[in-house]
Amino acid sequence: MSLNGKTAVITGSNSGIGLGIARELARAGANVVLNSFTNRDEDHALAAEIAAEFGVEARYVAADMSKGADCRRLIAEADCDILVNNAGIQFVAPIDSFPTDKWDTIIAINLSSAFHTTAAALPAMREKGWGRVVNIASAHGLTASPYKSAYVAAKHGIVGFTKVTALEMAGKGVTCNAVCPGYVLTPLVEAQIPDTMKEYGMDRETVIREVMLARQPSKEFATVEQLGGTVNFLCSDAAAQITGTTISVDGGWTAL
Ligand code: NAD
């Protein structure tokens, strides 16, 4: 499959799953726009590395996905054929002590950013008669865990938003789907381990085995390359009639 000539914007892509997806899209020939809010030399260097490795155009655009205007500017600065809404953060606490500012930020980055980027990207996709929107939701978009109220609410929200986007774009060559990963060992997951250790009174290995992979029947983390491959498939012609749905990459979690 070739994505030559297509441009993909991947939000939150200087690390983890977003970077893995950007690399796989570039491997398939797409030009890529990397994003985060950090704007460090290393962020621009990542784009240069992808350009050199895969022979595509790659650049980094700083934009804060917690701010609607930044989300829309990111899309305005790119000729976006493929939009991957991936930026996301996590915070773990019981509902009655969940900090309000953390709730607001998680909803802004994990849910509202996708509204702003999608709203900005759809008119050009509709005009071209081709487009792909892929929302990186989570197994937590289909099921819940204690202490992750904002994250689970945002991820369920993005699954609903995916369906609405698909319906509004149906028959226009533009599809929208959500990918629902189980656990992938990225910096986001690493950062949850200390809080979860505290919450459950467990050591690191026990948290990984008993809490994180407890619900992942394969007992293996999914990889960023597998997620990139899934996004590539959703961008292919074979997936032209797949829209408004979720694809789980979770080692069987949601089959339980
Ligand atoms: P990560 O922490 O490695 O990456 C998160 C990315 O989001 C980073 O590139 C970061 O720079 C970016 N980001 C954070 N705040 C931002 C902001 N305000 N503006 C712009 N960019 C911002 O985490 P990850 O595990 O790669 O997570 C990526 C996505 O995958 C998230 O939406 C997450 O919810 C989802 N997900 C991850 C897992 C997992 O197990 N790792 C499982 C299911 C879903």
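The values are calculated or read from the model by the stated rules, or taken from the named source; none is laboratory data. Quantities reported herein were computed from a predicted structural model and do not represent experimental measurements. Positions of Cβ are backbone-derived with ideal geometry, glycine not excepted, and every protein chain shown enters the neighbour counts. Accessible surface is based on the protein model in full, side chains and every heavy atom, while ligands, DNA and RNA are left aside. Shrake-Rupley method; radii C 1.70, N 1.55, O 1.52, S 1.80 Å.
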| query | If you scan segment 183-241, which residues turn out to be of a type outside the set (G, A, S), part of a helix (DSSP H, G or I) and either touching a His at 6+ places or on another chain (Cβ under 6 Å) or closer than 30 Å to W130 by Cβ (or both)? | reply | V224, E225, Q226, L227, T230, V231, N232, F233, L234, C235, D237
| message | Here's a check for you: in segment 82-115, which residue that is farther than 16 Å from G68 by Cα and of a type in the set (S, T, N, Q) is nearest to the ligand (Cβ to nearest atom)? | response | Q90
| message | Scan segment 20-39 and tell me whether some residue there is assigned to a strand (DSSP E or B), without any contact (Cβ under 8 Å) to a residue 40 or more places away in the chain and more than 12 Å from F54 (Cβ to Cβ). | response | yes
| Out of G201, G160, which single residue is open to solvent by 40 Å² or more (accessible area, probe 1.4 Å) and more than 13 Å from the chain's Cα centre (by Cα)? | G201
| query | Looking at this structure, is G16 away from the ligand (no atom under 14 Å from the Cβ) and open to solvent by 10 Å² or more (accessible area, probe 1.4 Å)? | reply | no
| said: Residues to consider are T196, T206; find the one that is more than 12 Å from the ligand (Cβ to nearest atom) and open to solvent by 30 Å² or more (accessible area, probe 1.4 Å). | reply: T206
